[in-house]
Structure formats: C-alpha cells, structure tokens
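Values in this text are rule-based calculations from the coordinates and carry no lab data. Keep in mind that what you see is a predicted model, and the values were worked out from it rather than measured. Virtual Cβ from ideal backbone geometry, glycine too; neighbours counted across all protein chains shown.
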Amino acid sequence: MNKLPKIELHCHLDGSVRVETVIDIAKKENIDMTSYDSEKVSELLRVPSNCTSLVEYLKKFEIPNQVMQTKESLKRVTFELLEDAHKENIKYMEIRFAPILHTNKGLSIKEVIKSVINGINYAEEKYDIKANLILGCMRNMSENDAILVINEGKEFLGKGVVAVDLCGPENENFSEEYKNAINLARSYGYRVTIHAGEAASGKNVVEAINLLGAERIGHGINIKDMKEAYELVKDKKITLEMCPTSNIHTKAIDSMKQYPFYNFYKDGISVTLNTDNRTVSNIDLTNEINLIKDNFNMTMDEYKDIYLNTVESTFADEKTKDWLRKLI
C-alpha cells in the first residue's frame, strides 16, 4: 500500500506536528512543557485508546498550537507534514488549519496564512507533491471571527488557499449561526467543506448542505442513522471525508467492524479516506487504507475507483486533477 499513489483531503496541520519538532521549538522558544522527554511529550500529544469523546480529543491540540506562533514554526511544520506525506507517496494534500489560533504572539492572520503557504511552496519545490490550504473557522468562536478569517484569506484564493471549513466542537444546529460567513466566503470564490455528523446528528449534515452550500462533509458518519441526511448526501453527490481511526477515538463509532465507509462506497456515496490528525491519532494514510482493506476486503480495483473519485472531489485545478488521474 505504501507505493500506491494517494490523496488526502482532510488533515489538520496542528494535529499532525512531529513530536521531535514540538520539543525542538518548545526548547528554542522557552515554552514550558513540564518535560522534554519524547515519550512523555508523545503522551501529551496523542490520545489514549480509551479516549471518551471529541471534546477530550480536541484537548490534544493545546500544545501544538503553543509551538505554532511564529512564521518560522508555521513554515516548518507545514513543510514537515508534506515531507511525511511524500514518504508514503501522497501526491496531493489539502491541509486545513484555523489561522486565528496562531495569532497569540502578534502575527496577523495574513502573516499566518502566508507562512503556511511558504511551507507548502518549499515542499513542492523539494518533493513530487502538491498541496492546497483550507481555512478553518472555529465553532467555539463567533461568526464575526469567521468573517475576519474569510476576509483576510481572500487575497490568497488561487494562490494556495482553496476552501473554508467550520471545525472544533460540534453542537446541534450550528449551521444557522455561520450562514452569513459561509455565504460571504462562497461569494468570494471559496469552496466549502464543513465538519458535520461527527459528534452530533445527521441533521447537521442536512443543514451544512442546505444552509451553507457544503460540497464536502468532514466525517459525516452519522448519516447512517438518518435517512434524510443519507439520501441528500447520495443524491447531491456530496463527498464524505472519512477518517476511520479518528472516528474510533472520538467515539463517533464503536468498532472498525461497524465502520460505514465500505457500505457507503458500495451504495454509491462518494467517500474518501483520510487521517484527520496524524500525531493525535498516531497514524498515517497507509494505515487508514490498510484498516479498510483488512476489515472489509477492499480490492485493488476498488481502491483505484476510490482514488479516482477522490481526484474529482479535490478542490484542485484541472491541471492538477489531470496529473493525479494519470498517476494511477
């Protein structure tokens, strides 16, 4: 599986920072970590197998965000994520992060976004990989904060930024609160993917599509329990960005045998495989593909079909899509 060409559409930058990089930056910037021992820092960054919820899972982002507050560190962690992706033959990646979380030491939102784009550009120069950025707006912040990020990121559209996302803790009926922000983003030309149906019901998926114009849904696992959401995703050809191990960790699903990815795929729903957070869940994309292959006997032809469907679901330009199609 490691040699197969791969695409990843749902990967959080702050959930995918190398342990040794966290230690290195913390030492250089005098950030108190209680310990600089790699095993202990790994425990701070990774969820235990008995993680109880999405809320507990999200606590693992506190330390990475502390070490991602300078232009240099943002460029570095972005480059290293793409370097790691390249090692498992990922050819295209959409990286998501919330710029507003990286302004604690005085960087402007524009400086934050530019630093991450610089990391992408550096990786693209060095390796045979391409990437784009999805700007996350936090659901535990206001709609005005989301509008700020959308306005500040506008000048980078087509220059590394492709889409907007709503992420963080998931409450029921969140879409209504961010309708104006996401409509504004769409008017500027942002593509739209929304986290929904992970820690709350399929109704959030329905609202993300109908109220916010979501083209893709992050996770969306709970459409399995709601016919209206399931049929809407299927009929509108909405792509689900599915993340198996992460969904086990957040208790969106109890066991891999119950994971609906393969059933969704066999029924014609557009599904993609992703890591969500490489460090927090201690995985890579090859691991996630193998999980589905081993648990559901996914064939090589089916993998190829999912890969080609994923190409169509990217927010990349046609030239990049053509390149990705030829690789398989």
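Expressed in whole Å with the largest first, what are the equivalent ellipsoid semi-axes of the chain derived from the C-alpha gyration tensor as the square root of 5 times each eigenvalue?
Listed largest to smallest, the semi-axes of the chain are 27, 23, 21 Å.
Which lysines have a Cα lying under 24 Å from the Cα of K203, excluding residues fewer than 8 positions away in the same chain?
Partners within reach: K179, K224, K227, K234, K236, K237, K251, K266.
Could you work out the local net charge near A131, counting Lys and Arg as +1, Asp and Glu as -1, over the other residues with Cβ closer than 9 Å to its Cβ?
Its environment carries a net charge of -1.
Below 12 Å, Cα to Cα, which aspartates and glutamates can K110 reach? Residues fewer than 8 away in the same chain don't count.
The reachable aspartates and glutamates, counting only those whose Cα sits under 12 Å from K110, are E152, E155.
Using Cα centres only, tell me the gap between region 278-294 and region 171-232 in whole Å.
25 Å
Expressed as a whole percent, how much of the Cα-Cα distance distribution for region 90-237 exceeds 23 Å?
37 percent
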